Each structure stands twice: as C-alpha cells, then as structure tokens.
Amino acid sequence: MLTALGCSRLVVNLDWLLWRVVVEWALMSHPVIDQVYAGADAPRGDFVFDERVAPVFSDMIARSVPGWSELVRLIGLIGARLAQPGARIYDLGCSLGATSASILARLPETAGTDADAIQLYAVDRAPAMLDELRLRLAPEIARGRLQPICADLLDLTIADACLVVMNLTLQFIPPAHRLPLLQRIRRGLRPGGALILAEKVAIADEDDLLTQLHADFKTAQGYSQLEIARKRAALEQVLIPDSPAAQLARLREAGFTRILPFFQCLSFVGWIAR
C-alpha cells in the first residue's frame, strides 16, 4: 500500500522524469553527428551559426563543452526558483532552445490567471538557429509560452524581466559592447530579478593545463585533431573570452551587487548576478 509519503515521492520522481525527457529532447532532438570541420569542404573563415551548423549544433555543443547538459539543467532549476508571476524571461543567444526548454520544463503550465503567466522570449540573430528551434519547440510556441525573436542583442529592448539568461553568449559579443549590454540588462530587470551568465573564461596558468584538458575532452568525444584545429581557428576572432576577474568587475560596473558562482567545468563558468 502506498503511503502519503510514498505517493509524494512518486509524484516528485515522475515530475523529475518528465523534466529530463523534455530537456533531453530539446538537447538532442533530431541528433545529427557534427562533421562540419571534418572534410575537404570544411568552412573557411570565421565561425558562423548558419545552415550547416544548425542541424548538428546539439551534437557539436555537447561534444565541445564539458558539462553542457548539466549546465542547462541547472539553469532550468535556477530559472524556476527566480521566476516571478507575470514577468518576462529572456534567453539571449538561445541557439536551438535547450536552455529555454529547460526553464519551461520547470515552470507551471499555467500560473493561475493570464496576468500571472510568464512569457519566455528566445532571442537569437541567426535565422538558421531559430528555424531549428521552431521545429523542436513548436508545442511550447503554439501554447504561447515561448516567443522566438530574431534580433541583434545590441538592438533589443529588455523590460519587466525577472530573469535574463546568457548561456555562452556574451563571449560572442564584441568586447566594447559587453558592458553597455549588461547595463541595459540590469536596467530591464524587475526588483529581485537576476542575470544568469555562463561563459568560457580565460584562466591563466603556466602550463596551459585547462586548454590541454579541453582539447583532450573533445578528442575523447570523437573529434579528430584536424577538426579541433580547424574549429579553433574559425573561432579565434569570434569567441573572445575574458578572465573571471574581468567578468566579475564588469558585472559590478553594470550595477550587479550580488554575484554567486553556480557552475564550473574546466574553463566554463556560470554566475547568478543580482
């Protein structure tokens, strides 16, 4: 016979399982193996989030960023904790929507009245990525819980937000524009609102151990040395990391006074800034 405690645990376990299924589907739906930089037809020039990258991006990021799946799940938990009735959540640089899906999976389907409903805006400037997101998260879009927006983050108005997420996004913004963007985000937050910022950071060490370990991780995921080298060259002028100290100083200058680290895996770090 199931006791009240047993029933409670069953509901919690089923809720957790449903969340895992939703997030995993968003992370790995239509899995296509990334071979963008494997062949003779590999792209030349700077890395672009285009029609070649979008279909394989789930595989690419999972095999390139150590701890990626856990980072996305943690952001979902944090998002649910910090969500406010009737507020907005922005997923800036949303790519295929894995982070948006993780947050939505932890939010109630309805929040009492329409006035209490939380609207999540998934923003990216790459049309190919948003096209793929619309396929993967079509049910959430149809229910009105998620609104994809194709826009440059530097032109976006942020208002009435309880949460803004930049999951491996700020590193792709030109350095001179990073502080003004963070300042606009801070001004657009409600009282009690927060920014979740996750970035690849530049950590100085004498023997460059973390860089070597990151390369080892990608090799262990099946990437060849040629693929790793080609992608590194493509990202060199596109993804420009800052040191952890520079990240923290800029967050404070933007007006955030409470900054907590919640994630680190090799040189990938996450903070909650309020």
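Restricted to the range 103-135, and to residues there that are surrounded by fewer than 19 Cβ atoms within 10 Å (Cβ to Cβ) and in contact with a Cys (Cβ under 7 Å, 6 or more places away or on another chain), the residue that is nearest to Leu154 (Cα to Cα) is Arg125.
The set of residues in the range 236-258 that are closer than 15 Å to Gln183 by Cβ and either touching a helix residue (DSSP H, G or I) at 6+ places or on another chain (Cβ under 7 Å) or among the hydrophobic types (A, V, I, L, M, F, W, C) (or both) comprises Ala249, Arg250, Leu251, Glu253, Ala254, Gly255, Phe256.
Here is a yes/no grid of residues against (1) of a type outside the set (Phe, Trp, Tyr); (2) over 20 Å from Ser64 (Cβ atoms); (3) surrounded by fewer than 16 Cβ atoms within 10 Å (Cβ to Cβ):
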{"position": "Leu168", "(1), (2), (3)": "yes, no, no"}
{"position": "Pro191", "(1), (2), (3)": "yes, yes, yes"}
{"position": "Thr211", "(1), (2), (3)": "yes, no, yes"}
{"position": "Gly222", "(1), (2), (3)": "yes, no, yes"}
{"position": "Gln225", "(1), (2), (3)": "yes, no, yes"}
{"position": "Val238", "(1), (2), (3)": "yes, no, yes"}
{"position": "Pro241", "(1), (2), (3)": "yes, no, no"}
{"position": "Ala249", "(1), (2), (3)": "yes, yes, yes"}
{"position": "Thr257", "(1), (2), (3)": "yes, yes, yes"}
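Filtering the range 83-100 to residues that are in contact with a Ser or Thr (Cβ under 6 Å, 6 or more places away or on another chain) and in a strand (DSSP E or B) leaves Asp91, Leu92.
The selection criterion, being modelled with pLDDT of 95 or more, of a type in the set (Asp, Glu) and either in a helix (DSSP H, G or I) or closer than 23 Å to Ala161 by Cα (or both), holds for Asp59. When only residues in the range 113-143 that are among the small types (Gly, Ala, Ser) and free of Cβ contacts under 8 Å to residues at least 12 places away in the same chain count, which is nearest to Ala101 (Cα to Cα)? Going through the qualifying residues, I end up with Ala138.
Modelled with pLDDT of 95 or more, closer than 17 Å to Arg274 by Cβ and touching a strand residue (DSSP E or B) at 6+ places or on another chain (Cβ under 9 Å): is that true of Cys162 in this structure? Spelling it out, Cys162 is indeed modelled with pLDDT of 95 or more, closer than 17 Å to Arg274 by Cβ and touching a strand residue (DSSP E or B) at 6+ places or on another chain (Cβ under 9 Å).
This table checks each residue for (1) over 30 Å from Val56 (Cα atoms); (2) without any contact (Cβ under 8 Å) to a residue 24 or more places away in the chain.
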{"site": "Ala202", "(1), (2)": "no, no"}
{"site": "Leu210", "(1), (2)": "no, no"}
{"site": "Ala220", "(1), (2)": "no, yes"}
{"site": "Ala233", "(1), (2)": "no, yes"}
{"site": "Pro241", "(1), (2)": "no, no"}
{"site": "Phe256", "(1), (2)": "yes, no"}
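Scanning the range 67-102 for residues that are surrounded by 20 or more Cβ atoms within 10 Å (Cβ to Cβ), closer than 16 Å to Phe262 by Cα and in contact with a strand residue (DSSP E or B) (Cβ under 9 Å, 6 or more places away or on another chain) yields Trp68, Leu71, Val72, Ile75, Ile78, Gly79, Thr99. In the range 2-18 there is at least one residue matching the filter, namely being modelled with pLDDT under 95 and either surrounded by 14 or more Cβ atoms within 10 Å (Cβ to Cβ) or hydroxyl-bearing (Ser, Thr, Tyr) (or both).
The values are calculated or read from the model by the stated rules, or taken from the named source; none is laboratory data. Please read these numbers as outputs of a predicted model, since none were measured by experiment. All Cβ positions, glycine included, derive from the backbone under ideal geometry; neighbour counts span all protein chains shown.
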